[in-house]
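Quick notes on the structure that follows.
What follows draws every value from the coordinates through simple rules; no lab data is involved. Since this is a predicted model, take the numbers as computed values, not measurements. Reconstructed Cβ throughout: ideal geometry from the backbone, glycine too, with neighbour counts over all protein chains shown.
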Protein chains: 2
Amino acid sequence: MGTFREIGIAAEASKLAAPVPARDAIAADLIAVLVAVTSGDPRVLTIQDQSALPSGPFELAHRSLQAGLRAWVERQTRLPLGYVEQLYTFADRDRGSAGQHVISISYLGLTREQLASGEHEASWRSWYSYFPWEDHRAGTPPMIEAALLPRLEAWANAPQNPGLRQDRGQRVAITFGGGGRAWDEELVLQRYELLYEAGLIPEAARASPPGTLRPGVAATPLPGAGQPMILDHRRILATGIARLRAKIKYRPVVFELMPETFTLLQLQRCVEALAGRLVHKQNFRRLIEQQDLVEETGETTPDTGGRPAKLFRFRREVLTQRAIAGTKLPVSRA
Amino acid sequence: MGTFREIGIAAEASKLAAPVPARDAIAADLIAVLVAVTSGDPRVLTIQDQSALPSGPFELAHRSLQAGLRAWVERQTRLPLGYVEQLYTFADRDRGSAGQHVISISYLGLTREQLASGEHEASWRSWYSYFPWEDHRAGTPPMIEAALLPRLEAWANAPQNPGLRQDRGQRVAITFGGGGRAWDEELVLQRYELLYEAGLIPEAARASPPGTLRPGVAATPLPGAGQPMILDHRRILATGIARLRAKIKYRPVVFELMPETFTLLQLQRCVEALAGRLVHKQNFRRLIEQQDLVEETGETTPDTGGRPAKLFRFRREVLTQRAIAGTKLPVSRA
DNA sequence: CCTATAATGCTCTGTTGGAGTATAAGACAA
DNA sequence: TTGTCTTATACTCCAACAGAGCATTATAGG
């Protein structure tokens, strides 16, 4: 079992036996959540008939994890990877075959959608097809009230233990905004995990060995619970979305998803697509401008229907000039 | 080289040849940044004469990474690990021997200091002995002006390229708060990296193969640049400190470092120790109380010198009741 | 010319966070 | 006993900011 290295009381057997992999051999995978926003839709790059995130082995040739991911994504998709950030690392015995440990290191990357040659089965897909309850731009999606909440409340009220009942009820209220609470768009992962625990996510059934199935789990793979993915890819995607929704509020990363020049409304729509909720237009503009995040190009667009809008360009200088910067997107409460 | 799995154009040789480790074998390490606050000092658990963070191999027996870390730390130190959070995962070819990749997964853990049997060489040490420039509780440490800034400015002004010069100058100003800028206590990692690049950190010399040494690097391992650690452990520690300093502002994690009952001043001192700067007492209390993070025990302390203080207890309920909670510690600017 | 759609400018207001003042309650020394 | 030191605790002030709404301007299309 584990010992502090250097304090190690006894060298493990494997240390002495195996030749080069001095310790338990482990495989490492890189998994990418690649995001682009196209025509008001936040999309992720998927493979395998849209049921998986792109992933690949981490190899000796790679200098570092991030370099490995970058090289690999850019070769495969010809996408300019603007921003890359590590998400999370996990290891489950379930994942590898034959009890071998596979460590998965997931990354979030921002680009602009672009279909390149070489992407055989890869395709972009709206992330809301995996998490339909996350899109509140047109108000709370009716499926929450109609489909999710009844099931969640049934799950919350199921246990004998009143403490557990209260706990579950609270979690439902917090994550899905029941009882007058405001919707918090950042709780993407918590919501997914709640639905998972409540058995409304088909993936939950696959994970439990047959027979161990908790009552209620995946008896009915709830219509409207979103498209499933292989393994825990949907959880990884949820992690990525949550991270991105949090990040756009204090770091100017949205611009990695925008074309060279854009109007303020386009920028706003992009933020709204990510956040899954509308923002107050005037306040949004005030915030962007007072932070000097953009500069006018001098041109205007022929436009879409109204008064022509000025075109802007991201001031890349702010990335070096400021420590915190931040597009604190003013999300409306209405 | 890497391919998207499932899109893979050709199976790699290793896939066909090797038996169980289907791909390039890799070793994984867990590295722990264990923090406690004792008598106003934020301390980390170290080994090897205080030159290394405790670490150990991740093994097949472990169910998951976090479980592995928890089990392992608790067995070794008998510490109740209140809070554990993954920090970062990295892999450098330099790290392993013989070109083997070692993946290191670092964790941050909060406890209370406690020397248990079995900790042969382990000891707690103030994190400010590794980062003396980070403690601003008694005002800006004089060594910044006296030792660091001159060297940093020399480094910033060294290049021919005026753009690069300006860039470096800006980074110095942002991270070390020159030119009227406020000190941002969260930029721990950026500061360390800057010092590293500028060659003021002994570790930088070790990393470069002999001959590749950039001019100025570690020619003199600057007195006052803090105690070095092995490999990149000091960078990991910097990551942990930065994360913790950010976290205490929006999650009630400080309480994991406190005894069962405490006075508000004790709590404040703990936050100040972590943040490395003083907070406004009255505002701090207002914030803590208005958030219902604590409840009175009814008792008071015999005290340290002044009017007796009420004792408080953390209301653990808030952890389940709230999504965001947050101890937004009001840091004074003075 | 009228209407629809955006862009853009400006105001109002409630909340919050930083900072300061004032008072209370003990310990301790002269 | 009294004054002083130290800390706890209660309140007040003010500026900055964020949410929300109103008003005006500029186009396209009938």
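The ranking of B:Phe314, A:Phe255, A:Phe312 by Cβ neighbour count inside 10 Å, starting from the fewest, reads B:Phe314, A:Phe312, A:Phe255. Let me know the whole percent of all Cα-Cα pairs from the stretch A:248-321 that are separated by more than 16 Å. Roughly 49 percent, rounded to a whole number. Sorted from shortest to longest, the distances between the B:Pro302 label points of this copy and the other copies are 8.6 nm, with each point 7 Å from Cα along the line through the beta carbon. Taken as Cα centroids, the stretch A:244-260 and the stretch A:120-139 sit 18 Å apart, rounded to the nearest whole angstrom.
Distances, shortest first, from the label point of B:Asp41 to those at the same position in the other copies read 6.0 nm; the point lies 7 Å along Cα to C-beta. Once C-alpha pairs closer than 8 Å and six or more residues apart are averaged by separation and normalised to the residue number of the stretch A:248-321, the relative contact order reads 32 percent. Note on B:Tyr107, A:Tyr250: ascending count of other Cβ atoms within 10 Å places them as A:Tyr250, B:Tyr107, the fewest first. Fewest-first ordering of B:Met229, B:Met143 by other beta carbons within 10 Å of each residue's beta carbon gives B:Met143, B:Met229. A label point on A:Gln282, set 7 Å along the Cα-to-Cβ line, lies at 3.6 nm from each of its counterparts in the other copies, closest listed first.
For a Förster distance of 56 Å, can you work out the FRET efficiency between the beta-carbons of A:Glu197 and B:Gln160, rounded to the nearest 0.05? E between A:Glu197 and B:Gln160, to the nearest 0.05, is 0.40.
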